[in-house]
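A.B. asks: Dropping a structure here in structure tokens format, bear with me for questions.
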Amino acid sequence: MSQDVDVAVVGAGPVGLLTALGLAKAGASVTVIEAEPRINDSPRAAVYFPTTLKILDRLGLLPDVLEVAFLSKSFCFHLLATREVARILDTFPPGSPYPYNAHFGQHVLAQLVLKHFSALPGADMRWSNRLVALAQDADGAVLAVETPNGRDEIRARWVVGTDGARSTVRGLLNLPFEGHTWPERFVATNVRYPFERFGYEPANMLADAVNWAVTARLGKEDLWRVTYAEDAELPEAGTGNRIAERYKVLLPDLTVPYEVVQYSPYRVHERCAPTFRVGRALLAGDAAHACNPCGGMGLTSGVIDAAALGDALGAVVAGRAPESVLDFYATERRRVFLEVCSPVATDFKRRMSEKDPARQRADFEEFRRDANLPERKSLMTALSKLVEGQPMPV
């Protein structure tokens, strides 16, 4: 059996690594196990709001982020059928400490966090370690893992599952994943194409009953993310062959060459576990809750989970707080997802894919009318507070 650790984190995505970094900074010994041999670099989340940036700053990551990120303040709502646009040119109230959104791939974030985590004492990263069993007692848990050298066991005082929507930890805890899966398959593509030449802002929502999409700048290099949906009944193996057909509709000028650099098809869920704590095991990020990525609520809520759990569990491990703060974490973060994040993501998706022409027009006119009102900036600040939820009582 491997040496005992304070916390075993299962899953080396951004949420898992941020949780591990926060705990290690609080003085806990942390082992991260990941079934894959390296960080997953498939296209996923790409835009980070001030709520997230505040957490990254607190963890000492912001200087690294500013080295790689493209910073933006504007947003554009397109009606694909008519090519009409409505713009927000500055989404931030005066005096904002982080008056920008940061654009870069979530795998880049994971790499930055891993660099900081690995430099701390008590930090242990184990690739190609697949969790296969989990047993708990009053003092901790034993994790059985399959490694390239055979089976091993890790004894930990606490376990955190951050291993995605198909979470092994959640399954081993016998927790259902309540909710629904959207009928569409989402396709995230990375493409080189001069969108800005055609009046695109760094972040764009293209509304259409069929060919809706999100288009956003990726990092400082000349690369863009275009995410759209297709019928999930189509064979996933042919996804790459269908990109060109969809681009005929989505790109503003097909006489301008483009280069698809990478793509990733995936199913999208609106689901939540009935509890985020079972004994010595806790859930965070997509392992606890999953929503469609429209509006950026998925990774945003996961990063806030990581910060909250780092505070709460870090205090418990250090003996500065009772275990009851973990119940507060589990209850509060679940409430925020169900009451705020999932409804916001669902409404954002509706506005993008609205099939009623009258309602689609009303959505667009509302956005155009209210785009740069001072009150809108105040509402965005209020929404950020709702997404953050109550601070951990530590």
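The values are calculated or read from the model by the stated rules, or taken from the named source; none is laboratory data. Everything numeric in this text was worked out from a predicted model, so none of it was measured. So basically every Cβ, Gly included, is an ideal-geometry build from the backbone, and we count neighbours across all protein chains shown. Quick note on the areas: whole protein, heavy atoms, side chains included, nothing else; ligands and nucleic acids left out. Shrake-Rupley method; radii C 1.70, N 1.55, O 1.52, S 1.80 Å.
A.B. asks: FRET efficiency for L383 and L71, Cβ-Cβ distance as r, R0 = 25 Å, nearest 0.05?
C.D. replies: With R0 = 25 Å, the Cβ-Cβ based efficiency is 0.75.
A.B. asks: What list of ³J(HN,Hα) values in whole Hz, one per residue of the range 323-335 in order, does the Karplus curve 6.51 cos²θ - 1.76 cosθ + 1.60 (θ = phi - 60°) give from phi, with Gly and Pro shown as x?
C.D. replies: 4, 4, 5, 6, 5, 4, 3, 4, 6, 5, 5, 5, 4
A.B. asks: Can I ask one more? At a Förster distance of 35 Å, what's the computed FRET efficiency of W127 paired with Y266, Cβ-Cβ distance as r, to 0.05?
C.D. replies: E between W127 and Y266, to the nearest 0.05, is 0.95.
A.B. asks: Mind listing the long-range amide H neighbours of L282? Cut-off is under 5 Å, sequence gap 5 or more, other chains count too, H placed in the peptide plane at 1.01 Å from N.
C.D. replies: Sorted by chain and number, the residues that satisfy this are V159, V160, G161.
A.B. asks: Run the quick spin-label model on S42 and T275: label points 7 Å from Cα toward the beta carbon, then report their separation in nm to one decimal.
C.D. replies: My value for the distance between the label points is 3.2 nm.
A.B. asks: If you build the convex hull over the alpha carbons only and average its shadow over all orientations, what do you get for the range 210-322? Give it in nm² to one decimal.
C.D. replies: So the Cα hull casts an average projection of 10.6 nm².
A.B. asks: Just the number, please: carbon plus sulfur as a percent of the accessible area of the chain, 1.4 Å probe, no ligands or DNA/RNA counted.
C.D. replies: C and S atoms contribute 53 percent here.
A.B. asks: Identify the trypsin sites (Lys or Arg not before Pro) of the range 251-331 meeting these criteria: DSSP loop state and at most 16 other C-beta atoms within 10 Å of the C-beta.
C.D. replies: Of the trypsin sites (Lys or Arg not before Pro), the ones in loops of the range 251-331 whose Cβ has at most 16 other Cβ atoms within 10 Å are R320.
A.B. asks: In the chain, what is the count of Lys pairs whose alpha carbons are under 24 Å apart, counting only pairs at least 8 residues apart or on separate chains?
C.D. replies: 17
A.B. asks: For the chain, what does the accessible surface come to per residue with a 1.4 Å probe? Please give it in Å².
C.D. replies: Heavy-atom accessible area per residue stands at 42 Å².
A.B. asks: When only the heavy atoms of the protein chains count and the probe is 1.4 Å, how do W182, W158, W127 rank by accessible area, highest first?
C.D. replies: Largest accessible area first, the list is W127, W182, W158.
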